Amino acid sequence: MLRINTPLREEDARKLKMGDKVLITGTIFTGRDAAHKRIFEALQRGEELPVNLRGEIIYYVGPCPAKPGEVIGSAGPTTSGRMDPYTPATLKYGLKGMIGKGLRDQGVVEAMKKYGAVYFVAVGGAGALLAERIKKAEVVAYPDLGTEAIHRLEVEDFPVIVAIDAEGNDLYAEGRKKYQKVG
Amino acid sequence: MILKEIHVSQISQAIEELSIRSNYDLPEDVVASIAEAARKEESDLGREIFQLLQENASLARTKRTAICQDTGVAVVFLEVGQEVRIVGGSLTEAVNEGIRRGYAHGYLRKSVVGDPLLRKNTGDNTPAVLHTEIVPGDDLRIILAPKGAGSENMSALKMLTPAVGAEGVKKFIIDTVDKAGGNPCPPIIVGVGIGGTMEQAALIAKKALLRPVGQRSPLEHVARLEEETLEAINKLGIGPQGLGGSVTALAVHIETYTTHIACLPVAVNIQCHVARHAEKRL
Ligand code: SF4
């Protein structure tokens, strides 16, 4: 089990290898479909983003609302593939890590190799457990998007696995190969 | 004939309660099926994931919180006894009022956009997707099944040609699961509808997901197809969360319906391990 702190430098990201189990501590940012669309459009227009995401990790999540006295509701990963069309642009901009679940396309993997970024997965459907590792949550951009707004999260020992590393090794493909049975 | 009167406020009340219960309490049969699958999983990482899923479900139950943050679109099945009279207002509005209250009071995520192209969140998780059926008797049976998008998006429907037969159906189911890979949060339950018309196949595929996990079809040839398909799926190697393993699916449930001489519709509705549904009779 490795422990890392955010933000990530390129050399930190390049050190992480497919299959590594990692505990993340520090600040991460949430962003899913609607926020990605806005980020992408802002980058295309050459504008600065409302939050500085250079060197940061983005978590693809739309959390449940917090109950009174709690930090956040259930908060597990959403399917990453929907963010694929926007991702090469965010990596070029300087994002260093992504947390989600599920497969990525070749465009994302190539951009990860080029800019030195890592794709982590958290366990999908374990949102109640994952929420326990989130110590603070605050909306920092696009508040009109509700659950899809960009939140700044303070996490402690947030458990993830390196699914695709900066060399392009893919645990989804490798893991499957190992357990595939023919016939 | 004396009709049994049910006031719409009772329906809203029941739906509110079911919205919360279904999102906090994973059904016992699903819990048991996950526990059993965990013992069969060959991959170490896969077994660790199973462990987490079990901890997560029990935490949600005791802490009264959502098992998964995607608390879904509320799919509601109403079986209305033909001797029931609904009084006090609109049935559809009563259902939506229940959803509105349940998703607010239960601190559940609001995941519904009003227009599929304009995509503005309705803010209260309404409207529900409502399926109403008139049945004999004087009961009103309400089933609420929140459906998350991760698995719904990996579902598929195809109008096959009758010549391909059971083998063709099996191949289509396996291809659908294969393509889905880790996206629908495996281990999954595969709901299949064979026959009917296009929309009927889809509807019975969804209903197949309401069956207790692993319960076989009463039709012998269909039960055999369920078993063979499950076995083939678990050879794909996708495994828990798609990271490799010997358990990709917990069960395959197939429902069938009569169909046209020229048709063989097949719908595959994929359900993640957070297989939520709760019901109540009024
Ligand atoms: S597919 Fe199921 S477990 Fe995964 S995020 Fe969606 S609702 Fe949750």
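I'd like the carbon and sulfur percentage of the solvent accessible area for the stretch A:2-179, probe radius 1.4 Å, heavy atoms only, ligands and nucleic acids excluded.
C and S fraction of accessible area: 50 percent.
What share of the DSSP beta bridges in chain B is antiparallel, in percent to the nearest 5?
Details: 24 of 44 bridges.
Counting DSSP beta bridges with both partners in chain B, the antiparallel share is about 55 percent.
For chain A, compute the orientation-averaged projected area of the C-alpha convex hull (one quarter of its surface), in nm².
Numbers: hull surface 42.4 nm².
Reported value for the Cα convex hull: 10.6 nm².
Which links in A:Lys92/B:Lys110; A:Lys15/A:Lys92; B:Lys40/B:Lys158; B:Lys40/B:Lys207; A:Lys178/B:Lys40 stretch past 22 Å when you go from one Cα to the other? Don't skip to the end; give the middle numbers.
Details: A:Lys92/B:Lys110 32 Å; A:Lys15/A:Lys92 19 Å; B:Lys40/B:Lys158 32 Å; B:Lys40/B:Lys207 27 Å; A:Lys178/B:Lys40 16 Å.
Beyond 22 Å between Cα atoms: A:Lys92/B:Lys110; B:Lys40/B:Lys158; B:Lys40/B:Lys207.
So which GluC sites (Glu not before Pro) in the stretch A:1-51 are both in a DSSP loop and have at most 15 other Cβ atoms within 10 Å of their Cβ?
On the way: sites: A:Glu10, A:Glu11, A:Glu41, A:Glu47, A:Glu48; in loops: A:Glu47, A:Glu48.
Of the GluC sites (Glu not before Pro), the ones in loops of the stretch A:1-51 whose Cβ has at most 15 other Cβ atoms within 10 Å are A:Glu47, A:Glu48.
Under a 1.4 Å probe, what is the accessible area of the stretch B:150-275 per residue, stated in Å²?
Working: 4730 Å² over 126 residues.
Ligands and nucleic acids excluded, the result is 38 Å² per residue.
In whole Å, how far is the Cα centre of the stretch A:117-183 from that of the stretch A:25-39?
Their Cα centres are 12 Å away from one another.
In Å², nearest 100, what accessible area do chains B and A bury in total when the solvent probe is 1.4 Å? Let's see the in-between values first.
Details: alone 13530 and 9280 Å², together 19440 Å².
Accessible area lost upon association: around 3400 Å².
For B:Glu152, what is the net charge nearby, where nearby means another residue's Cβ is under 14 Å from its Cβ and Lys, Arg count +1, Asp, Glu -1? Each step should come with its number before you reach the end.
Details: positive: A:Arg82, B:Lys147, B:Lys206, B:Arg276; negative: B:Asp70.
The answer is +3.
Pull out the extension gain between B:Ile134 and B:Arg85, defined as 0.36 nm times the separation in residues minus the alpha carbon to alpha carbon distance; nm, one decimal. List each step's numbers first, then the result.
Working: separation 49, 0.36 × 49 = 17.64 nm, distance 1.17 nm.
Here the segment from B:Ile134 to B:Arg85 would lengthen by 16.5 nm.
What's the local net charge at A:Lys96, with K and R +1, D and E -1, over the other residues with C-beta under 11 Å away? Write down the numbers at each step before the final one.
Working: positive: A:Arg9, A:Arg14, A:Arg54; negative: A:Glu10, A:Glu11, A:Asp12, A:Glu56.
Local net charge: -1.
Let me check I've understood the local charge: for B:Asp139, count other residues with C-beta under 15 angstrom from its C-beta, Lys and Arg +1, Asp and Glu -1. What total comes out? Before the final figure, lay out each step's value.
Numbers: positive: B:Lys4, B:Arg85, B:Arg141, B:Lys280, B:Arg281; negative: B:Glu5, B:Glu79, B:Glu83, B:Glu133, B:Asp138, B:Glu279.
Result for the neighbourhood of B:Asp139: -1.
Using a 1.4 Å probe on the heavy atoms of the protein chains only, list every residue of the stretch A:100-135 that has 30 Å² or more less accessible area in the complete assembly than in its chain alone.
Those residues are A:Lys101, A:Leu103, A:Val123, A:Gly124, A:Gly125, A:Ala128, A:Leu129, A:Glu132.
Cross-link partners among lysines for A:Lys135, C-alpha distance below 20 Å, same-chain residues fewer than 8 apart left out?
A:Lys67, B:Lys63
In chain B, which Cys residues have no partner Cys with a Cβ closer than 4.7 Å?
B:Cys68, B:Cys263
Any idea how far the Cα center of the stretch B:116-148 sits from the one of the stretch B:59-113, in Å?
7
Could you tell me how many cubic angstrom of Cα convex hull volume the stretch B:150-275 has per residue?
Working: hull volume 10.6 nm³, N = 126.
It comes to 84 Å³ per residue, whole-number rounded.
Report, for the protein assembly as shown, the % of DSSP beta bridges that are antiparallel, rounded to 5.
Here the share of antiparallel DSSP bridges comes out near 55 percent.
Given springs between every Cα pair under 10 Å in a Gaussian network model of chain A, which of A:Gly55, A:Gly116, A:Gly125 has the largest fluctuation?
Among A:Gly55, A:Gly116, A:Gly125, the largest GNM mean-square fluctuation belongs to A:Gly125.
Could you please tell me the mean projected area of the C-alpha convex hull for chain B, averaged over all directions and given in square nanometres to one decimal? Don't jump to the answer; show the numbers that get you there.
Working: hull surface 63.8 nm².
The directionally averaged projection comes out at 15.9 nm².
Could you let me know the centre-to-centre spacing of the stretch B:153-223 and the stretch A:66-85, using Cα atoms, in angstrom?
Going from one Cα centre to the other spans 29 Å.
Determine the shape class of the protein assembly as shown: with a ≥ b ≥ c the square roots of the Cα gyration tensor eigenvalues, call it rounded for a/c under 1.5, and otherwise prolate if a/b is greater than b/c, oblate otherwise.
Details: a/c = 1.88, a/b = 1.33, b/c = 1.42.
Since a/c reaches 1.5 but b/c is at least a/b, the shape of the protein assembly as shown is classed as oblate.
Just the number, please: percent antiparallel of the DSSP beta bridges in the stretch B:150-275, rounded to the nearest 5.
Numbers: 11 of 20 bridges.
Within the stretch B:150-275, antiparallel bridges account for around 55 percent of the total.
The values are calculated or read from the model by the stated rules, or taken from the named source; none is laboratory data. Fair warning: this is a prediction, and the values are worked out from it, not measured in the lab. FYI the Cβ positions are ideal-geometry reconstructions off the backbone, even for glycines, and counts take in every protein chain you see. For accessibility, only protein heavy atoms count, side chains too; no ligands or nucleic acids. Shrake-Rupley method; radii C 1.70, N 1.55, O 1.52, S 1.80 Å.
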